[in-house]
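In what follows, a single structure is set out as structure tokens and then discussed.
The values are calculated or read from the model by the stated rules, or taken from the named source; none is laboratory data. Computed from a predicted model, the values in this text were never measured in an experiment. So basically every Cβ, Gly included, is an ideal-geometry build from the backbone, and we count neighbours across all protein chains shown. Note: accessible area is taken over every heavy atom of the protein model, side chains too, but ligands, DNA and RNA are not part of it. Shrake-Rupley method; radii C 1.70, N 1.55, O 1.52, S 1.80 Å.
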Amino acid sequence: MNRDRLWQRAQEHVAARRLDAAEASLRSLLDIESDHVHARMLLASVCLTRGSRRDGCKEAIAASQSLPGDPKVIATVAASLFRIGETVAARACLRHPAVASCADGETLAQLAYVHKQLGDHAAALASMDRAHACGLATAEFHNFRGTQLQITGRLAEAADAFRAAIRSRSTFGPAWYALMRMRQDATADDLAAIEVALREAPTEGADRVALAFARYVVLERLGRDAEAWQALEYANTLAAARNGGESPMEARLADALDSLAEPGFDRPDGGREADGPQPIFIVGMPRSGTTLLEHLLGNHPQVATPGELADFAQQMMWCADVHGSGLLDPHLPARLRELDHALLAERYLLQTQWRAAGRPFFVDKMPTNFMFAGLIHRALPRAPILHLVRDPLDVCFSNYRVLFGDAGYAYPYAFTSLAGYYARYCHLLARWRRAMPGVILDVDYAELVTDTESVMRRVLAHCRLPYDAACLDASANQSPVATLSNVQVRAGIYRHAIGAWRRYAAQLEPLRVQLGERGVAV
């Protein structure tokens, strides 16, 4: 069978979900033409769909080694590699000579996205500027550019970009939400414009959800607390309907991890001493202060702060050879006990050490890695683990009052799922602490902002780093910040977030009760 017929048959088999037949056709085609990038990428997709992360990664890497001179193909392959945790191969794609000559706005925006995901924010902005020069000016593009400018601390330009997105489409909710969160001087005119946009926005979709959260932000800024709370409840109702809440798989994963957290689990698999830069893990609930601690640590001359990294979970899934939606592969819980921790460490360091940019340490700040604290220590026994602890009602309210967007969190938008998630988090951390005494350093958020020097001395000692007074000034760190806290953390250390829940104490009483019923001390 000739090349064209094999390619057609492979696509037909994939469309009909005949994956075995699709794989056979693709492998026959690749025997004829080994550098057929589209066939190689389709084969990678077939492997991943069948649940084999390792085979999928192998085929995607092979595709990256036979790239044509088409920037669109290069961008697609690079984005795919990043999504499956192959950051080294994704970076290599972006160095292809054809990227420098790209003159298509949409492709340049896609390349900018990959640069952003890899933490190269300067290159991302440069690609965006080229895309804009090519005529790309959609609401989505302006919002993307505004987000990137905000990440790099260029806040005035970011606000202008968000306004450009709104001018392009008045009902574009994400730009309204980002702009209102940036501004402390929101006005009644802003509120009126958002309410008009809410009336005109489609009843389904992301715009309405973001507009609803933007309306809450403005009402709170204006001091209209009763209306603000009603707006927040409405926004969360929309978000909960869109996100669907937690799935049963999340509970299964938590149960599997809980079963691992037994005394003795912290015994490392041999005395591995890996060369090169080493990670410092920061974990905790989202919105617990992890960004602030990362920013303070980033002032130390020996520490790089590349931002939130998904690499540990990605490489854990590679070692388990599973591929699902995020961490929700049905086979993952059963395979956790059989992981090769030495291989996990090797894979993790291979995909992350480049992020240290010449420094001996780098921060891996991913709040949800608290779930894998024991696996982290088993694989990387030299790696410090810092755990941010914040008042239960403060951290739960801080989760409830923001829209996480594409961060992948489904639990915050209803009291029941929020209380359940928080209780499971507390339970699992307590189990890991008992299984690994002294491995995890708890860092109290309130102490961090009120007695910064004492806390940072303990943190640096736990990380086996010399004390440096530079670690006391968050505003001195001008590194990019790609989280919801990127505006606040640049303002330095402040204390007004302590006890913020009390502003809505009456409205949060049902949450307090639900937390108490789940054994949380509040």
R181 passes all but one of (1) touching a His at 6+ places or on another chain (Cβ under 7 Å); (2) of a type outside the set (S, T, N, Q); (3) surrounded by 20 or more Cβ atoms within 10 Å (Cβ to Cβ); which number fails?
(1)
Quick one: count up the residues across the stretch 195-204 that are in contact with a helix residue (DSSP H, G or I) (Cβ under 9 Å, 6 or more places away or on another chain) and open to solvent by 30 Å² or more (accessible area, probe 1.4 Å).
3
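Here's a check for you: in the stretch 119-136, which residue that is exposed (fewer than 15 other Cβ atoms within 10 Å of the Cβ) and over 25 Å from the mean Cα position of the chain (by Cα) is nearest to T305 (Cα to Cα)?
This residue is A133.
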Restricting attention to the stretch 177-189, report how many residues are assigned to a helix (DSSP H, G or I) and farther than 19 Å from Q230 by Cα.
4
Which numbered condition in (1) more than 19 Å from K365 (Cβ to Cβ); (2) assigned to a loop (DSSP other than H, G, I, E, B); (3) among the basic types (K, R); (4) at pLDDT 95 or above is the only one that R464 fails?
(1)
Which of the residues spanning the stretch 390-417 are open to solvent by less than 10 Å² (accessible area, probe 1.4 Å) and of a type in the set (V, I, T)?
V395, V402
The one condition in (1) more than 28 Å from D468 (Cα to Cα); (2) open to solvent by less than 10 Å² (accessible area, probe 1.4 Å) that I282 fails to fulfil
(1)
Take the conditions outside any loop (DSSP other than H, G, I, E, B) and either touching a helix residue (DSSP H, G or I) at 6+ places or on another chain (Cβ under 7 Å) or aliphatic (A, V, I, L, M) (or both) and apply them to A137. Does it pass?
no
Can you name the condition, by its number, that H387 falls short on among (1) modelled with pLDDT of 95 or more; (2) more than 20 Å from the chain's Cα centre (by Cα); (3) open to solvent by less than 10 Å² (accessible area, probe 1.4 Å)?
(2)
Name, by its number, the condition in (1) touching a His at 6+ places or on another chain (Cβ under 9 Å); (2) in contact (Cβ under 8 Å) with a residue 12 or more places away in the chain that does not hold for A24.
(2)
Return yes or no: is G420 under 30 Å from A506 (Cβ atoms) and surrounded by fewer than 19 Cβ atoms within 10 Å (Cβ to Cβ)?
no
Selection from the stretch 155-176 of residues that are within 21 Å of the chain's Cα centre (by Cα) and either open to solvent by 60 Å² or more (accessible area, probe 1.4 Å) or of a type outside the set (A, V, I, L, M, F, W, C) (or both):
G173, P174
So how many residues does the stretch 209-237 have that are open to solvent by 30 Å² or more (accessible area, probe 1.4 Å) and more than 23 Å from T416 (Cβ to Cβ)?
8
Considering the stretch 455-468, residues that are without any contact (Cβ under 8 Å) to a residue 24 or more places away in the chain and within 15 Å of V389 (Cβ to Cβ), and then whichever is least open to solvent (accessible area, probe 1.4 Å), we arrive at V455
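Test of understanding: among A78, A63, which residue is assigned to a helix (DSSP H, G or I), closer than 30 Å to A320 by Cβ, over 23 Å from the mean Cα position of the chain (by Cα) and in contact (Cβ under 8 Å) with a residue 24 or more places away in the chain?
A63
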Does the stretch 397-410 contain any residue that is part of a loop (DSSP other than H, G, I, E, B), modelled with pLDDT under 95 and among the hydroxyl-bearing types (S, T, Y)?
yes
Exactly one of A186, A192 is surrounded by fewer than 17 Cβ atoms within 10 Å (Cβ to Cβ), more than 28 Å from A410 (Cα to Cα), more than 22 Å from the chain's Cα centre (by Cα) and of a type in the set (A, V, I, L, M), and that one is A192
Selection within the stretch 68-85 - of a type outside the set (S, T, N, Q) and under 18 Å from A123 (Cβ atoms):
P71, K72, I74, A75, V77, A78, A79, L81, F82
Conditions (1) open to solvent by 50 Å² or more (accessible area, probe 1.4 Å); (2) in contact with a Ser or Thr (Cβ under 8 Å, 6 or more places away or on another chain); (3) assigned to a helix (DSSP H, G or I) -> D35 fails only (3)
So which helices (runs of 4 or more DSSP H) are wholly in the stretch 302-380 and hold at least 1 residues that are among the hydroxyl-bearing types (S, T, Y) and either open to solvent by less than 10 Å² (accessible area, probe 1.4 Å) or touching a residue at least 40 places away in the same chain (Cβ under 8 Å) (or both)?
341-352
Give the residues of the stretch 140-176 that are part of a helix (DSSP H, G or I) and aromatic (F, W, Y), sorted by residue number.
F141, F144, F162, W176
Evaluate the stretch 417-431: report whether one residue or more is of a type in the set (A, V, I, L, M, F, W, C) and free of Cβ contacts under 8 Å to residues at least 40 places away in the same chain.
yes
List every residue pair whose Cβ atoms sit under 6 Å apart, with the two residues 6 or more apart in sequence or on different chains, where the first one lies in the stretch 134-147 and is within 16 Å of A206 (Cα to Cα) and the second, anywhere, is open to solvent by 40 Å² or more (accessible area, probe 1.4 Å) and assigned to a helix (DSSP H, G or I).
A139/S168; N143/P174
